[in-house]
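Q: Submitted below is the structure of interest, expressed as structure tokens.
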Amino acid sequence: MTLLVAGSLLAGCSAQGPGDAPSQQSGSPAASASPSASGGASPSVEAGPSSSSSAASSVFTPDASLVPRTSKDGRRLAESVVLVPGDWGRGYVAQTPAESAPGTWAVLNENCRWQRETLPRGVLASTSRYSRLPAGEGKGAVKVTAVATVHASALGADEQLSTTLEEVLRCPEQQPRSNERITGLASLGTPFGAREQEYADDSVLEAGQFVENGGAAQSYRWMLARLGTVVVAVSVTAGTGYAEQELNELGSKALAQMLTRIEQRLKGK
């Protein structure tokens, strides 16, 4: 599977300026749907709202017998889909901690802080893995997160992406951890068929600036996509020396890998 994130779309999001921040967690776009965007910036391109997508209309039709119905099956699928350090490329290593606690997912509280909470009813499993590429050769470190969340229904998965869009309006500045800040967030949702998006039932892109320990601002990307009852997401944060296009390609490739794994594990014979 090849997934392309349009440069103009990303440029629009980054005009404001997703780590385990949100775990709530292809085609070349061209205008074809009623646009919607969230965040303080005015994106240069527009995309259809995530909430308008139909959970009943899917890019991929899985084998019903393979779709997870229990927490155990959901956890098995999530863990097999989420990327490990080596999947990101040569030189990537695990962060500390390397993985989220089983039976939890990230929730944005009323103070715009991210915290791990017990999975709610309707969410079978959620797994986050954290990796990094150490600084070297004149470039800063790259920190990445991969997330897979398995819902009991496609509507529940669809609601996760809608909530993600709404959260940027509520919290354009967010705190993943006590020493981290994400600022200037803007987001765009693109359901299947809008702007020729053909790789997922629905997708959301967030962009902003990441600051750790009061240091220099770094570029931040948070990409989510849904196939049926499964939502996958990646975050990419990089220090100095990296072009925006490099980060976009890194995130897009990682998201495509996980979407492909979902299809491979749920397709019928």
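Throughout, read-outs are computed from the coordinates displayed, never taken from laboratory work. Keep in mind it's a predicted model, so treat the numbers as computed, not measured. Don't worry about glycine lacking a Cβ; one is built from the backbone with ideal geometry, like all the others, and counts go over all protein chains shown.
Q: In this model, which of K143/K253; K143/K267; K72/K253 are farther than 24 Å apart at the alpha-carbon?
A: Distance filter (> 24 Å) returns K143/K267; K72/K253.
Q: Using DSSP to call loops (not H, G, I, E or B), can you name the trypsin sites (Lys or Arg not before Pro) in the stretch 126-217 whose Cβ has at most 14 other Cβ atoms within 10 angstrom?
A: Those that pass, being in a loop and sparsely packed, are R177.
Q: Would the stretch 200-269 count as rounded, prolate or oblate if I go by the C-alpha gyration tensor, calling it rounded below 1.5 in a/c and otherwise prolate when a/b exceeds b/c, oblate otherwise?
A: prolate
Q: Relative to the present Cα-Cα distance, how much length would full extension add between R177 and E244 at 0.36 nm per residue of separation?
A: Working it through step by step, the gained length comes to 21.7 nm.
Q: Further, regarding this structure: Let me understand the stretch 108-219 better: what is its radius of gyration from the alpha carbons, and its Dmax, in angstrom?
A: Final numbers for Rg and Dmax: 15.9, 47 Å.
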